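Worksheet: one structure, shown below.
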């Protein structure tokens with residue numbers, strides 16, 4: 001049987017850090033893909 | 001196919017099955033069989049989630065879609081990272097805290113058993129029908145490519161999955177999926193690399209320039225248009241609701257992250273899925289672009305489904321098809337010259353020459369597309385079969401232009417992808433049938449061993465059902481098209497039930513139960529009587545359930561307070 005590990009995630013002080021990372025990566029991707037689309 | 005291909009094909013598949021069985025042989029409890037003892041690290045959870053979502057059709061059709069339509073399909077996934085964040089905040093902590101086996105179990109603790117049973121019923125209908133298609137689609141393509149009967153390819157996929165899902169349950173599914181996805185992506189990138197290697201005189205950067213110039217890098221479209229399936233708004237809005245439903249209320253995915261060793265592992269699995277999914281789809285689509293570029297310099301077939309083409313050539317339509325093929329060859333000869341000119345002009349930064357060549361190539365592409373459409377119509381007249389040629393572009397390229405050994409590997413990938421998504425679906429159908437129906441309402445007080453054995457029989461039953469459905473479906477094309485959208489018919493209602501449960505404490509079980517039935521009736525009416533794109537069904541179903549539940553609860557409260565006053 002497993003034991004729940006501590007809430008604190010690796011690398012960030014809280015989960016908010018991870019959520020912001022996902023959103024920022026999404027926004028960066030949309031910007032990059034838009035630049036690619038518009039450069040041709 | 002040469003002996004080396006068969007060795008690679010059976011070697012890879014045999015290793016996957018044996019690994020799945022050996023690594024999960026100690027799963028003799030419900031906790032072990034249905035949620036892998038909740039012991040998986042986040043990277044296994046992440047790869048398992050990604051392998052579940054990516055079926056064989058993803059790897060066969062997506063490159064074909066890019067070949068035909070460019071890369072705009074990528075926008076479909078823009079809502080996925082948002083859905084991952086929302087689920088990490090809401091669903092994951094609740095499911096983990098309650099230590100549920102299925103998502104629907106939570107609905108009983110929040111509402112009552114009838115809401116749980118209704119949600120489980122919706123899931124069993126939608127997933128029970130679509131697991132047949134998950135087996136059918138690759139079986140059909142493999143039977144066409146290998147020249148085997150569809151019963152054989154169906155039985156091959158179904159029986160291999162059965163061996164390790166019955167033996168090891170959820171743990172076997174997660175562990176095999178980890179390696180299946182690695183092999184799949186490795187093989188796909190290898191195929192893309194070989195396509196690139198065979199494009200003459202072009203650096204990798206120049207492939208982007210070329211593809212962009214001929215209109216294939218149409219990655220983002222900001223224009224709002226409800227009838228356009230792929231733009232940024234449909235991706236972010238409709239996609240968000242679709243992925244919230246799929247990852248939050250579909251046991252095939254919930255079961256994957258419930259297997260995480262802790263709430264941290266489950267959340268990180270979903271977060272990394274949110275980070276990696278769009279780049280992964282980009283890679284798969286770009287492989288399709290590389291195949292497109294390869295065919296700018298090498299003669300493409302008029303119809304990529306060669307088996308269907310050969311059959312059509314034995315009919316009265318052969319003469320017409322030969323003439324269309326000859327015209328297509330002439331167009332290709334000119335296109336190859338123009339493609340060389342465009343590549344040279346781009347390298348020399350000669351904008352004027354590049355523009356001239358690009359316009360001519362786009363014109364020739366349009367002419368070629370017209371010929372292909374006519375050929376498809378002629379093949380349909382000759383054989384009575386609709387030509388969905390995009391599904392065959394990539395696999396025909398593999399079979400015709402890749403070296404032996406790699407062909408075997410790529411076929412193993414198609415089988416692996418079919419097996420990985422089928423395995424998750426079987427495991428989810430088993431969990432829901434065993435926990436939400438059998439254990440909850442049929443045999444309630446038996447010991448753990450009894451339920452594990454029952455779960456194994458239930459897995460076998462669903463696997464046999466999927467195989468029988470796939471074989472039966474092969475005789476009825478209309479049935480397949482109807483079943484393909486069955487997920488969207490139920491997802492919105494399911495999501496509405498879960499969102500109500502998570503966020504609106506005011507609503508009680510009777511209100512949500514009635515609202516779910518009304519919501520489902522509305523979605524079915526929209527499907528039957530309107531032409532609205534099915535991506536929006538999720539939003540409609542969800543909004544209807546939440547809206548009606550609020551209204552019904554309000555009326556019930558009014559009636560009850562009026563009654564108490566009397």
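The calculated pair-distance distribution of region B:355-454 uses every alpha carbon pair, bins of 5 angstrom beginning at 0, and gives 2, 9, 10, 10, 9, 10, 11, 8, 8, 7, 6, 4, 3, 2, 1, 0 percent.
Got a sec? Which residues in region B:235-249 would a label at residue A:23 touch, if it sits 7 Å along Cα→Cβ and we count backbone N under 18 Å? The answer is B:236-237, B:240-241, B:244. Could you calculate the FRET efficiency of residue A:12 with residue B:532 from 1/(1 + (r/R0)^6), where r is the beta carbon distance between them and R0 is 41 Å, rounded to 0.05? Plugging the Cβ-Cβ distance into 1/(1 + (r/R0)^6) gives 0.50. A simple spin-label model places the labels of residue B:367 and residue B:228 2.9 nm from each other, with each point 7 Å out along Cα-to-Cβ. Across the protein assembly as shown, the convex hull enclosing all Cα atoms gives 162 Å³ per residue. Relative to the dominant Cα principal axis of chain B, helix B:537-565 is inclined by about 20°. Helix B:150-197 and the longest principal axis of the C-alpha atoms of chain B enclose an angle of approximately 30°. Going by a ≥ b ≥ c, the root eigenvalues of the Cα gyration tensor, does region B:157-261 fall in the rounded group (a/c under 1.5), the prolate group (a/b larger than b/c) or the oblate group? Oblate is the answer for region B:157-261, as a/c is 1.5 or above yet b/c matches or exceeds a/b. Remark: the residue B:504-residue B:121 segment gains 135.6 nm on full extension, using 0.36 nm per residue and subtracting the alpha carbon distance. The stretch between residue B:377 and residue B:29 holds 119.8 nm of extra length on full extension. This uses 0.36 nm per residue minus the Cα-Cα distance. Estimated from the Cβ-Cβ distance and a Förster radius of 41 angstrom, the FRET efficiency linking residue B:236 and residue B:109 is about 0.80. Label points 7 Å out from Cα along the Cβ direction at residue B:560 and residue B:159: separation in nm? Each label point lies 7 Å from its Cα, and together they span 5.7 nm. All Cα-Cα separations within region B:1-157 were binned at 5 Å from zero, giving a P(r) of 1, 6, 9, 14, 17, 17, 15, 11, 6, 3, 1, 0, each value a whole percent of the pairs. Exposure proxy shown here: for B:188, B:419, B:28, the number of other Cβ atoms within 10 Å sets the order, fewest to most, as B:28, B:188, B:419. Note on residue B:299 and residue B:525: their simple-model spin labels are 5.8 nm apart, each label 7 Å out from Cα toward Cβ. Placing a label point 7 Å from the Cα of residue A:38 along the Cα-to-Cβ line, the residues of region B:206-247 whose backbone N sits under 11 Å from it are B:222. Counting neighbouring Cβ atoms within 10 Å and putting the fewest first, the residues B:76, B:529 line up as B:529, B:76.
With neighbours defined as other Cβ atoms within 10 Å of a residue's Cβ, the residues B:376, A:13, B:386 order from fewest to most as A:13, B:386, B:376. Counting only alpha carbon atoms, the long axis of helix B:204-213 and the longest principal axis of chain B meet at about 90°. The sum of -39500 (n - 2.57) across all DSSP H runs of n ≥ 4, divided by the residue count of chain B, sets its helix-only mean residue ellipticity at 222 nm to -26500 deg cm²/dmol.
The numbers here are math on the coordinates, done by the rules we state, and not lab data. Computed from a predicted model, the values in this text were never measured in an experiment. In this analysis, Cβ positions are derived from the backbone assuming ideal geometry, glycine residues included, and neighbour counts consider all displayed protein chains.
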